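Read the structure below first, then the notes.
What follows draws every value from the coordinates through simple rules; no lab data is involved. Worth saying up front: this structure is predicted, and the values here are computed from it rather than measured. For neighbour counting, all protein chains shown are included, and Cβ atoms are generated from backbone atoms with ideal geometry for every residue, glycine included.
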Amino acid sequence: MSSQASAEGQQNGQGAGQEVTGVPILLDGVTKQYGSKSAPAVDHLTLEIPAGSTVMFVGPSGCGKTTTMKMINRLIEPTEGSIVIDGEDVTTMNGDELRRRMGYVIQAGGLFPHMTVAANIGMVPKMLGWDKQRIASRVDELLELVSLDPGQYRDRYPKQLSGGQQQRVGVARALAADPPVLLMDEPFGAVDPITRQRLQEEMISIQQELKKTIVIVTHDIDEAVKLGDWVVVFDEGAHIQQYDSPERILSDPANDFVADFVGRGAGLKTLGLARVHEVPRMEAVVVTPEQTPAEALRQAEESGHGHVLVLDKQQRPIAWPSVEQLRRAEKLPHIHEENLPVVGTGATLEDALDTMLVSRAGAALVVGARGRFEGVVDLDTVMETLRDRRAGENQPKAPVGTNDEDITLERSPETGEITIVPSGGGAR
Amino acid sequence: MDYVAERWQQIAFASWQHFSLVAQCVILATVIAVALAMVCYRSERLREFANGLTAVGLTIPSFALIGLLITPLGFGVLPAVVVLTFYAILPILRNAVVGLSSVPSALVESARGIGMSRTATFFRVELPMAWPVILTGMRISSQMVMGVAAIAAYVLGPGLGGLIFSGLSRQGGANALASVVTAVIGVIVVAMILDAILALIGRLTISRGLRV
Amino acid sequence: MTTTANAESTAETTNRSGLRVDRGSLRSLILYPVILLAILGLLILWLLTADLTNTERVTLAPGELWTMTKQHLWLTLVATVIVLVVAIPLGVLLTRKPFRPFKGFISGVANFGQAAPAVGLIVLFATWIGYGPTAAIAALVVYAVLPVLANTMAGLDAVDKSLIEAGRGMGMSAWAVLWRIELPLAVPLMLAGVRTALVLVVGTATLGTFINAGGLGLLITTGVNLDLSRVLITGSILVALLALTVDWVGRVVEHIARPRGL
């Protein structure tokens, strides 16, 4: 699926070769109406959620994003329309059985306080009739997946865990029966900012490994663009304002509503999306500590550079003196200098910019595995990369999402696959 | 109905007696309970002691306590007042201790900081803040003591409880049932009236800043 | 009676304060029965050394006392079991969605009834059903339903709604959520209600003597009627000890049955 490609592009190009374990979800003309006179909470929503991708629902409170999510596992029954999961219409099947096939994570984890961590995680497998042995080994496996030591945490009660740990157990519990779909309602809302960041990063790496179909409801646009392959911006009545990649949401908001919601500093937010390895790297004047300052100066003048990089035998940066410093120096430094402006290839452009701003050279040294020098990035190259990204080139077309009532769906008779044929203007 | 109409005055008087006995005992109990709470609320150990005392006191059946008091105090008003006041103290004491000890210590400190004396701090800051909780205790007490007062009629005689016992002693006789029904309903009505009065007192005396 | 307190506000104040007398203090749970036994011992010692009249000796014969205690406990037990059977399912029912609208009404009626004097109820039931244990039990049940009902509802209502949603969200049926999440989490408050009811019933059962229902109250009325102060005092102390013992048993059960992790 195209979404897989996009997920890889998003998330650091890793995870290639991983199988998509998620399944596609389709909301087909779904409406939720409370009472007959009020405006519908969700109004004729048709939304395609591609298999194996992370789709973020964002919008102001009361916009219907949570209601929409809860209709996917039918905690809230739709008034109209149907929910199709992996080609199967689940609108009328037994809700409890449906929910056992989906993971569900709520704010603060929603752990049962009278049960141990293991009992919490083992709940769904137990309902599905797994034997004890299998449940126990699955619990340990999941605790390791969410970076908790099974021996230490298995038999604890939720109140003996920190907020972040509870949230991790909540995620582990949702993944217990290896469901293809994971629904998360403000999953990281109840933890402090630093823990939230760590949990988000872990979520990204878990998803790279598992490739589930994940729907996350959040009111935090930063979280949405950070975690999502696709972001849906809703307004009241779950009216889609934009359904697109995080880059295009940031760089090319469909209307004022989205622009307002994204807020100022959208360009800066893009910095958090791009990684240093995407930026073209420049050469540097490289010398060894054994050479004399004079030799180094000559090399620098020949190539017209203002700085000279001293590398050790393992190609790790030792120092990065300027031409002026070289003129005063009697010999080149042998000892690794602290506070060198170094960034890893996996760092975000935001981190890279931070590093550059405190660097005397106005640039940063990029190092790869084992600290080996790989090149130099400077402000110009970073900005250029940003401009390219904002242009949104080479990006797959967004999945379909619309509130248009005149949309038609076509089922392929051979594969059973559902394709959407918008009779109107198509996806907004 | 006829029964009530015929003895309207007698019933009204019995109700008044019941009401006034309970109200006076609750007032007396409030004074004692708040004084006790003043002594207890600062010390963790005394607080626990007060709470333990309340729990044990509430467990002792009122009829047993009445029985115990007959020997030293005889029959009459005295044992009735002692028993009623004893039970009325318990919920008020518990709530007063809770109310006083949950006044934020920062508030007490700031009151001391602006130069209020220890006594002034208690009466101008701590007591007013604990007052809603104390008043709740008084309402619980008065409801509870209503029933105890009916039993106390066993040693006291008059009041609505007296009607119950007189109905009992004329078992099967004319008006026995009517007398008991009247008394039961009378106690409920009196209880509701007293509760309404206490609620009204609450509206008038609780600082508007403390109302939710 | 002693705990005629509006059970809902009692529960409220207990919650607000967070102060519970048995707050984790295993020591007081162990000390409690020792004190009760000591008082019982003193009472027996006093009776053994006292110069009892013939009537007193007959009334206070150990066999006689034991019979009355058994009657008293029987009244208490039967009434409490009926209360549990009535109040807990009713409490569960009234917190289920379709029945919620009735909750206010039922609570109102129960609160209202709670203000009725226990002695009046007992006499009333006796005039209606006839004198004897049945009338006493009926009155006790009516009287003790409220604390259990109120605490069952309060306990179920206090269960975090997000936990119920989490349970439903992971595919538990409404029934499973009730049994595995709501009821276990409501247990502490429900047990507190049951203990309140038990203490209420033990105390009120004393009044059964007025309608020939037996029980230890008989000692008190006999003591008063025949002016036998030793019988009166013995009866009063035994009733108090019985109530305190029942309270202690209730606390021990609460301590053991409280779900771990809370």
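Quick notes
- Using the average count of surrounding beta-carbon atoms within 10 Å as a protection proxy, the listed peptides A:154-160, A:330-336 rank, highest first, as A:154-160, A:330-336.
- Given charges at Cβ of Lys, Arg, Asp, Glu: the protein assembly as shown dipole, positive-most of B:I164, A:A224, A:A329: B:I164
- Remark: relative contact order (chain A) = 17 percent; criterion is Cα-Cα distance under 8 angstrom and separation of 6 or more residues.
- Sequence-ordered 3J(HN,Hα) estimates for the stretch A:176-182 from the Karplus curve with 6.51, -1.76 and 1.60 and θ = phi - 60° stand at 3, 8, 6, x, x, 10, 10 Hz, glycine and proline given as x.
- Its residue count N fixes a reference of 2.2 N^0.38 Å for chain B, and the Cα radius of gyration divided by that reference is 1.19.
- Given +1 at the Cβ of Lys and Arg, -1 at the Cβ of Asp and Glu and no other charges, the dipole of the protein assembly as shown around its Cα centre is 4280 debye to the nearest 20.
- Cross-link partners of A:K37 among aspartates and glutamates, defined as those whose alpha carbon lies under 17 angstrom from its own and excluding same-chain residues fewer than eight positions apart: A:E80, A:E236.
- Taking every DSSP helix (H) stretch of at least 4 residues in the protein assembly as shown, weighting each as -39,500 (n - 2.57) and dividing the sum by the residue count yields a mean residue ellipticity at 222 nm of -18500 deg cm²/dmol.
- Angle in degrees between helix A:293-303 and the longest Cα principal axis of chain A, rounded to the nearest 10: 60
- Helix axis angle, B:176-205 relative to chain B longest principal axis, alpha carbon, degrees: 20
- Distance between modelled label sites at C:L37 and C:D227, nm, 7 Å Cα→Cβ extension: 4.0
- The trypsin sites (Lys or Arg not before Pro) of the stretch A:281-313 that DSSP puts in a loop, and whose beta carbon has at most 10 other beta carbons within 10 Å, are A:K313.
- Partner chain coverage, peptide C:174-185 - average Cβ within 10 angstrom: 2
- GNM on chain A, alpha-carbon springs under 10 angstrom: the most fluctuating residue among A:M203, A:M71, A:M56 is A:M203.
- Taking amide H as placed 1.01 Å from N in the peptide plane, the amide H of C:G132 sits under 5 Å from that of C:A213, each at least 5 places away or on another chain.
- Per-residue shielding of C:236-243, expressed as the average number of other chain Cβ atoms within 10 Å of the residue Cβ, stands at 5.
- In order along the stretch B:22-37, the phi-based Karplus estimate (6.51 cos²θ - 1.76 cosθ + 1.60, θ = phi - 60°) of 3J(HN,Hα) comes to 5, 4, 5, 5, 5, 5, 4, 4, 4, 4, 5, 5, 5, 4, 4, 4 Hz; Gly and Pro are listed as x.
- Across peptide B:141-154, the mean count of Cβ atoms from other chains lying within 10 Å of each residue's own Cβ comes to 5.
- Net charge of Cβ neighbours under 14 Å - reference A:K132; Lys, Arg +1; Asp, Glu -1: +2
- Karplus (6.51, -1.76, 1.60) ³J(HN,Hα), θ = phi - 60°, over the stretch A:105-113, in Hz, Gly and Pro reported as x: 10, 10, 4, 6, x, x, 6, 7, x
- Within the listed set B:N95, B:N51, B:N175, the residue fluctuating most in the Gaussian network model of chain B (springs between alpha-carbon atoms under 10 angstrom) is B:N175.
- Using C-alpha pairs below 8 Å separated by at least 6 residues, the relative contact order for the stretch B:2-205 is 29 percent.
- For A:I106, distant residues with modelled amide H under 5 Å away: A:D185
- Positive-end extreme of charge dipole, the protein assembly as shown - chosen from B:V108, A:L128, B:G186 (charges on Cβ): B:G186
- Under 5 Å, built H, 5+ apart or other chain: amide partners of A:T31: A:H44, A:L45, A:T79, A:E80, A:G81
- Listed residues B:T54, B:T182, B:T71, most fluctuating in chain B (Gaussian network, C-alpha, under 10 Å): B:T71
- Between 0 and 90°, nearest 10: helix A:163-174 axis offset from chain A longest Cα axis: 50
- Cα centroid separation, the stretch B:119-177 to the stretch B:1-72 (Å): 6
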